[in-house]
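Laboratory data are not the source of any read-out in this text; all were calculated from the coordinates shown. What you see is a predicted model, and the numbers here were worked out from it, not measured in a lab. Backbone-built Cβ (ideal geometry, glycine too); neighbour counts: all protein chains shown.
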Amino acid sequence: MTDANETPPESKLSRSKARWAREGRFLTGKIARPDEQRLPPGQHLTKDWPTLDLGLAPNISRERWRLDVHGAVENPIFWNFAEFFAQPQTQLLSDIHCVTTWSRYDNQWEGLATRDLLAACRPRDEARFVVLHCHDGYTANLALEDFAAGDALLAHGWSGKPLEQAHGGPVRLVVPHLYFWKSAKWLRSIEFREDDAPGYWEVRGYHNRGDPWKEERYSGD
Ligand SMILES: Nc1nc2c(c(=O)[nH]1)N[C@H]1C(S)=C(S)[C@@H](COP(=O)(O)O)O[C@H]1N2
Ligand SMILES: [Mo]
């Protein structure tokens, strides 16, 4: 496991993905609306579920896992898995859209809705951004409104089973309306901030928001 304060690793895939951002790979130049078209522009459907990450796949048991919620909140949280599991449970069905062009429909998630987390930690008025910190050193940033979307959750279950380590278990974020790189795996802490702080891909040429229907793949778009 990498200490999350170290510089996260580069890999063959992360170098390719940084190059794709410079080249504007996969861009179709089309815009679509989610109520008119289920598959965003430039995406293709897959039935299996690829794994994409920096290649570390940290092994954190439910026993060792903790969630640290801090920053601009009235009520900082430090939960173990049992305390996290005792929070209100939500089941949601949603589609995945990865910026490398695969999409996967009808993923069945179970966990804590981000709205319920917000009710528990109570962001202060000045909080406008959220940064997710992960056990492999990965980070992702979101506007508070995107984090608070009604279908966003901290997932511990997938298809009725515990979320697999390869897909970010014990707990990952799922934000279905943005490209999947925002959905941080192996979640360790959640930081609420006044100012934005671009994450791992956002400082490597990827779009700060990442709306798949607007094809917000790269920051140079
Ligand atoms: N901690 C962490 N979260 C991460 C990543 C990562 O490298 N580390 N990769 C992101 C990217 S680019 C994608 S596409 C999805 C992939 O999730 P999956 O492997 O479950 O398909 O996780 C996202 N969350
Ligand atoms: Mo990705």
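Of note:
- Per DSSP, loop GluC sites (Glu not before Pro) in the stretch 179-221 with at most 12 further Cβ within 10 Å: 194
- Sorted peptide list for 173-181, 23-31, 154-162, criterion being average Cβ within 10 angstrom, highest first: 173-181, 154-162, 23-31
- The chain, dipole about Cα centre (Lys/Arg Cβ +1, Asp/Glu Cβ -1), debye to the nearest 20: 680 debye
- Stretching residue 165 away from residue 45 to a fully extended chain increases their span by 40.9 nm, per 0.36 nm per residue minus the current alpha-carbon distance.
- Residue 195-residue 124 pseudo-label distance in nm [points 7 Å out on the Cα-to-Cβ vector]: 1.5 nm
- Each residue of the stretch 36-46 is assigned a 3J(HN,Hα), and the resulting list reads 9, 8, 6, 8, x, x, x, 9, 10, 7, 10 Hz, derived from the Karplus form 6.51 cos²θ - 1.76 cosθ + 1.60 (θ = phi - 60°), x at Gly and Pro.
- Farthest positive-ward along the stretch 85-198 dipole, Cα basis, beta-carbon charges - from 89, 117, 142: 89
- Pairwise Lys count, the chain - Cα closer than 27 Å, eight or more residues apart or different chains: 19
- Cα-based helix-to-principal-axis angle, 12-23 vs the chain, degrees rounded to 10: 50 degrees
- For the stretch 57-123, GluC sites (Glu not before Pro) are listed when DSSP marks them as loop and at most 15 other Cβ atoms sit within 10 Å of their Cβ; the list is 63, 74.
- Shape category assigned to the chain from the gyration tensor of Cα positions, a/c cut at 1.5: rounded
- Label zone at residue 36, where the point sits 7 Å out along the Cα-to-Cβ direction: the stretch 78-106 residues whose backbone N lies under 13 Å: none
- Distance-filtered residues of the stretch 77-106 - backbone nitrogen under 20 Å, label point 7 angstrom along residue 27 Cα→Cβ: 98-102
- Amide H to amide H distances under 5 Å link residue 107 with 94, 95, 96, where only residues 5 or more positions off or on other chains count and H is placed in the peptide plane.
- Were the residues from residue 68 through residue 144 laid out at 0.36 nm apart, the gain over their Cα-Cα distance would be 25.6 nm.
- Value of [θ]222 nm, deg cm²/dmol, for the chain, DSSP H segments ≥ 4, -39500 (n - 2.57) each, nearest 500: -3500 deg cm²/dmol
- Net charge contributed by nearby residues that have their C-beta within less than 12 Å of residue 82 (K/R +1, D/E -1): 0
- Along the stretch 100-114 the Karplus relation, 6.51 cos²θ - 1.76 cosθ + 1.60 evaluated at θ = phi - 60°, assigns HN-Hα couplings of 7, 5, 8, 10, 9, 7, 6, 7, 9, 10, 9, x, 9, 4, 4 Hz to successive residues, with x for each Gly and Pro.
- Dividing the mean sequence gap of close Cα pairs (under 8 Å, 6+ apart) by how many residues the chain holds gives a relative contact order of 26 percent.
- DSSP-assigned coil residues among trypsin sites (Lys or Arg not before Pro) in the stretch 47-122, each with at most 13 further Cβ atoms within 10 Å: 47, 64
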